[in-house]
1. Where the Cα atoms of the chain are projected onto their three principal axes, how long is each span, largest first, in whole Å?
2. With a cap of 11 neighbouring Cβ atoms within 10 Å, and only residues DSSP puts in a loop, list the chymotrypsin sites (Phe, Trp or Tyr not before Pro) found in segment 89-166.
3. Using only Cα atoms, locate the centre of segment 36-55 and the centre of segment 74-119, then give the distance between them in Å, rounded to an integer.
4. Counting only protein heavy atoms and using a 1.4 Å probe, what share of the accessible area of the chain belongs to carbon plus sulfur, as a whole percent?
5. Which is the longest run of the chain containing none of the GluC sites (Glu not before Pro) found in DSSP loop states (not H, G, I, E, B) with at most 10 other C-beta atoms within 10 Å?
6. Taking the Cα centre of segment 39-166 as origin, sum charge times position over the Cβ atoms of Lys and Arg (+1) and Asp and Glu (-1), and report the length of that vector in debye to the nearest 20.
7. Provide the three semi-axes, in whole Å and in decreasing order, of the ellipsoid equivalent to segment 87-166 as defined by the square roots of 5 times the Cα gyration tensor eigenvalues.
8. If you filter segment 109-148 for trypsin sites (Lys or Arg not before Pro), then keep DSSP loop positions with at most 14 other Cβ within 10 Å, what is left?
Amino acid sequence: MNNLIRGVAEVRLVGENIEPGVYKMADALRFAEEQEVDLVEISPNAEPPVCKLMDYGKFLYQQKKREKELKAKSSQVVIKEIRFGPQTDEHDYEFKKKNALKFLQEGSKLKAFVFFKGRSIIYKEQGQILLLRLAQDLEEFGKVESMPVLEGKRMIIYIASKKKVK
């Protein structure tokens, strides 16, 4: 099985068990047939085009295997959310802080937000204080990625885990 290059008289040939150089197309095809490999065009815009003698099926297999290994090594970033009200009391705050701590220790990213309903938007300073307090309490486990920002009816802060996930 050869990947033929149409309309070309000469090609620059590279590969194993071959002296790199410019060869006639017929010779390149003969070399590929003798070694029972494929003649694959790797640089069509070069003058003359560059071809390589290789087992194309094996090449595709190894490429897929490499991609699979890279995909396995990469980790998904999980974002966990915690919702507060502008007047969250101490017990609820401690409970949610404990959950936030658990999320950060798992290696997840934390999105904490204060949701303002109706006219409670007048308490945005309290919401900001609450989020900054949370960031300060979790400072040894997570790093603040963005300071509290008001987006519509929500004030949001992002905290990334300091722990590396394996």
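1. Cα spread of the chain along its principal axes, largest to smallest: 83, 30, 22 Å.
2. Values: sites: Y93, F95, F103, F113, F115, F116, Y123, F141, Y158; in loops: F116, F141.
Nothing satisfies the criteria.
3. 56
4. Working: 5890 of 11620 Å².
Within the chain, the accessible surface is 51 percent carbon and sulfur.
5. With a cap of 10 other Cβ atoms within 10 Å, the longest stretch comes to 37-139.
6. Details: 27 positive and 17 negative charges, 75 e Å.
Here segment 39-166 has a charge dipole of around 360 debye.
7. Calculated on Cα positions only, the semi-axes equal 23, 13, 10 Å.
8. Values: sites: K109, K111, K117, R119, K124, R133, K143; in loops: K117.
Sites meeting the loop and neighbour criteria: K117.
The values are calculated or read from the model by the stated rules, or taken from the named source; none is laboratory data. Keep in mind that what you see is a predicted model, and the values were worked out from it rather than measured. When we count neighbours, we look across all protein chains shown, and the Cβ atoms used for this are built from the backbone with ideal geometry, even at glycine. The accessibility values were calculated without ligands, DNA or RNA, using every heavy atom of the protein model including side chains. Shrake-Rupley method; radii C 1.70, N 1.55, O 1.52, S 1.80 Å.
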